[in-house]
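Asks: Got a structure for you, written out below as structure tokens; questions coming shortly.
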Amino acid sequence: MADTIIEQAHEFLRSHLSGRIRFDGDAVALRIVIAPDGRLVASVMVAMIRALETVLEIPDDADENLHLMVTLEAFEESGAHGALADRWRIYHGDPPDVRWGIMTIDAARFQGHFIDGEALQRPNRLAAIEPSILRQINQGDRALLRRACVAANLESEQPIAVGVDERGIDVRRAFDVVRLRFPEPLSVEDSALLAADGSTALRAVEQALSPS
């Protein structure tokens, strides 16, 4: 049961990239992306960085949703983590603030269960080939990505793949980012295929998701 809850919580996190952050009695809407090492990245306010305790509610404070206790530290866009700011922009567009923060997940609560933060903060094993995969998907037959989204009830006229890991593709639509989840986690062979030939892999996803 514990492993099942952890997997559900992890996929819930991957599928919900917006929520609210609570700090020093305030609550502010926040959009996040997941860094290659599994930490969370956001455009933040100075008050968030200085707060002694920060809790991220995804997507809101309902008991059954995901509550993350996080440690937030600032980083400079011009520094070593600058690519993370670019990643956020690719997902969400213009940031609401000029400051950036990266969050370590300390602990979590999901559907009444407490989870160690390390169990949710998982590196993306496709990070090294993610640019190749996204290029194959977005520069290939765009109708394939649209049909895969329709099969998953995530219709979009102009979907753009913005992130990928072994369990799914993050797809930017006109006003949000949604999760196109693979029917099964990608194997090493599947990952290599997706990097080399996005069309073949997306056809397989579409067929697996379409009603029989």
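Asks: Within region 169-188, track down each residue that is crowded, with 20+ Cβ neighbours inside 10 Å and either at positive phi or charged (D, E, K, R) (or both).
Replies: If the condition is that a residue be crowded, with 20+ Cβ neighbours inside 10 Å and either at positive phi or charged (D, E, K, R) (or both), then Asp170 is the only one that fits.
Asks: Do you know which residues across region 23-74 are of a type in the set (Phe, Trp, Tyr) and under 25 Å from Asn124 (Cβ atoms)?
Replies: First, the residues of region 23-74 that are of a type in the set (Phe, Trp, Tyr): 23.
Matches in region 23-74: none.
Asks: Quick check on this structure: which one of Ala42, Ala62, Ala47, Ala85 is assigned to a strand (DSSP E or B), outside the structural domain of Ile160 (by TED's automatic domain parsing) and of a type in the set (A, V, I, L, M)?
Replies: Details: Ala62 fails: assigned to a strand (DSSP E or B); Ala47 fails: assigned to a strand (DSSP E or B); Ala85 fails: assigned to a strand (DSSP E or B).
The unique qualifying residue is Ala42.
Asks: Right, Ala80: part of a loop (DSSP other than H, G, I, E, B) and of a type in the set (A, V, I, L, M, F, W, C) or not? So that I can check it myself, show each step before the final result.
Replies: Working: part of a loop (DSSP other than H, G, I, E, B): yes; of a type in the set (A, V, I, L, M, F, W, C): yes.
For Ala80, the condition - part of a loop (DSSP other than H, G, I, E, B) and of a type in the set (A, V, I, L, M, F, W, C) - is met.
Asks: Could you say whether any residue in region 122-132 is over 16 Å from the mean Cα position of the chain (by Cα) and charged (D, E, K, R)?
Replies: To start, the set of residues in region 122-132 that are over 16 Å from the mean Cα position of the chain (by Cα) comprises 128-129, 132.
Okay, now just the ones that are also charged (D, E, K, R), so none.
For region 122-132, residues over 16 Å from the mean Cα position of the chain (by Cα) and charged (D, E, K, R): absent.
Asks: Just to be sure before I move on: is Ile105 in contact (Cβ under 8 Å) with a residue 24 or more places away in the chain, under 26 Å from Gly25 (Cα atoms), surrounded by 14 or more Cβ atoms within 10 Å (Cβ to Cβ) and within 15 Å of the chain's Cα centre (by Cα) in the structure I sent? Give the steps one after another, and end with the answer.
Replies: Working: in contact (Cβ under 8 Å) with a residue 24 or more places away in the chain: yes; under 26 Å from Gly25 (Cα atoms): yes; surrounded by 14 or more Cβ atoms within 10 Å (Cβ to Cβ): yes; within 15 Å of the chain's Cα centre (by Cα): yes.
Yes, satisfied.
Asks: Being on the phi < 0 side of the Ramachandran plot, touching a strand residue (DSSP E or B) at 6+ places or on another chain (Cβ under 6 Å) and of a type in the set (Gly, Ala, Ser) is the requirement here; does Gly82 meet it?
Replies: Numbers: on the phi < 0 side of the Ramachandran plot: yes; touching a strand residue (DSSP E or B) at 6+ places or on another chain (Cβ under 6 Å): no; of a type in the set (Gly, Ala, Ser): yes.
So Gly82 does not fit the description; no.
Asks: Sticking with this one: Which of the numbered conditions does Ile105 fail, given that it passes all the others? Conditions: (1) hydrophobic (A, V, I, L, M, F, W, C); (2) assigned to a strand (DSSP E or B); (3) touching a Ser or Thr at 6+ places or on another chain (Cβ under 8 Å).
Replies: Of the numbered conditions (1) hydrophobic (A, V, I, L, M, F, W, C); (2) assigned to a strand (DSSP E or B); (3) touching a Ser or Thr at 6+ places or on another chain (Cβ under 8 Å), the odd one out for Ile105 is (3).
Asks: Also, quick follow-up: Of the residues Asp97, Asp116, which single one is modelled with pLDDT under 95 and exposed (fewer than 13 other Cβ atoms within 10 Å of the Cβ)?
Replies: Values: Asp116 fails: modelled with pLDDT under 95.
On inspection, the qualifying residue turns out to be Asp97.
The values are calculated or read from the model by the stated rules, or taken from the named source; none is laboratory data. Quick caveat: nothing in here was measured; it's all calculated off a predicted structure. Reconstructed Cβ throughout: ideal geometry from the backbone, glycine too, with neighbour counts over all protein chains shown.
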